[in-house]
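Novice: Quick one: this structure, given as structure tokens, is what I'll be asking you about.
The values are calculated or read from the model by the stated rules, or taken from the named source; none is laboratory data. The model shown is predicted, which means the values in this text are computed figures rather than measured ones. Note that each Cβ is placed from the backbone with ideal geometry, even for glycine, and that neighbours are counted across all protein chains shown. Accessible surface is based on the protein model in full, side chains and every heavy atom, while ligands, DNA and RNA are left aside. Shrake-Rupley method; radii C 1.70, N 1.55, O 1.52, S 1.80 Å.
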Amino acid sequence: MTNEPAASSLASLASRFALEAPGRVKTAIARPANAMGLSMASGGLESEPHAHRESQLMYLVRGELICEASSALWIVPPQSALWIPGSVTHRIRARAPLEGYSVFLEPGAAPNLPQDCCAVSVTPLFRELLLRLATRPALYDLEGPDARLVSVLLDELATVSIEKHRLPMPTDPRLRRLVDAMTADPANGATTKTWAKRIGVGERTLNRLLVEETGLSFGRWRQQLHIILALQKLSRGATVQSVALDLGYESASSFVTMFRKALGTSPARYMASRLATLA
């Protein structure tokens, strides 16, 4: 990876990856870690499936970022980060306005992090270190202050906590039709039996296939889908009331109850804590 200015766009990053075959992204970084700024003022983008030798952590200050990899979908809310291990094929979708940072790490630089994609919550110190590192040259002095900055950043990276923003995605064509239909119409409260009939299987078969491929029952999978969609809508500025209606809940309070059980806090407090540093 050649050195980029801090204001480099996410679009140029994705297009560069798209030009390389998965697993063949070229890099000139001979350092444990290197960071760059990401920004997109308008529009959206979707990268081609790609992989790179380095691991990558994408930290989002504002905007919407979705990643599909390893048979799962992740949405990254503001003030969260997405961990993508090296050599894992993934596809990224983003929507403006977007601002964030990406740090690439050499293999072995973050041995404590999972070997699969995940959404993570980073510390305030890590965020400040990342912002500072994004202003430094790609080929920084390995014996100088920048190298010490990276050392502290890697120590902080080892303390991240995994967040519950993963939606397991089935591969069975019948289940993918179910996923597409439920994503397009999340307010549809049809029973498992009705959904099973729509995709041409029995109710027991639907439940069995879903558990086999995602580890979740139909009810738990639909709840996780609603969490993912709610985070997406809330990140765009939608109100709790409108999100509740869009997802088919009878009232905002019933949606808030579901959200609190899943993430441990109300939607308003969750988003407020994410956006507090932007004030």
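Novice: Within the group 109, 72, which residue is of a type in the set (A, V, I, L, M) and within 27 Å of residue 152 (Cα to Cα)?
Specialist: 109
Novice: Within the set of pairs 6+ apart or on separate chains, which have a first residue in segment 263-275 that is closer than 16 Å to residue 164 by Cα, a second that is open to solvent by 60 Å² or more (accessible area, probe 1.4 Å) and in a helix (DSSP H, G or I), and C-beta atoms under 6 Å apart?
Specialist: What qualifies is 266/260.
Novice: If you don't mind, there's one more thing I want to ask. Name every residue in segment 138-150 that is open to solvent by 60 Å² or more (accessible area, probe 1.4 Å) and either touching a residue at least 12 places away in the same chain (Cβ under 8 Å) or within 20 Å of residue 110 (Cβ to Cβ) (or both), in order of residue number.
Specialist: Across segment 138-150, the qualifying residues are 139, 142, 148.
Novice: From 231, 216, grab the single residue that is part of a helix (DSSP H, G or I), over 17 Å from residue 188 (Cβ atoms) and at pLDDT below 95.
Specialist: Going through 231, 216 in turn, the sole match is 231.
Novice: Just one of 183, 135, 171 is surrounded by fewer than 20 Cβ atoms within 10 Å (Cβ to Cβ) and within 30 Å of residue 245 (Cβ to Cβ); which is it? Step through it out loud before you land on a result.
Specialist: Values: 135 fails: within 30 Å of residue 245 (Cβ to Cβ); 171 fails: within 30 Å of residue 245 (Cβ to Cβ).
Answer to the selection: 183.
Novice: Of the residues in segment 151-167, how many are assigned to a helix (DSSP H, G or I) and surrounded by 17 or more Cβ atoms within 10 Å (Cβ to Cβ)? Outline the logic, then answer.
Specialist: So the first thing to find is which residues in segment 151-167 are assigned to a helix (DSSP H, G or I), and the list is 151-157.
Now narrow it down to the ones that are surrounded by 17 or more Cβ atoms within 10 Å (Cβ to Cβ): 153-154, 156-157.
Number of matching residues: 4.
Novice: Further question: I'm told residue 48 meets every condition in (1) buried (at least 19 other Cβ atoms within 10 Å of the Cβ); (2) acidic (Asp, Glu); (3) not in a strand (DSSP E or B) except one. Can you identify the failing condition by its number?
Specialist: Failed condition: (1).
Novice: Does residue 250 qualify as being among the charged types (D, E, K, R), more than 16 Å from residue 189 (Cβ to Cβ) and either free of Cβ contacts under 8 Å to residues at least 24 places away in the same chain or outside the structural domain of residue 94 (by the TED database) (or both)?
Specialist: no
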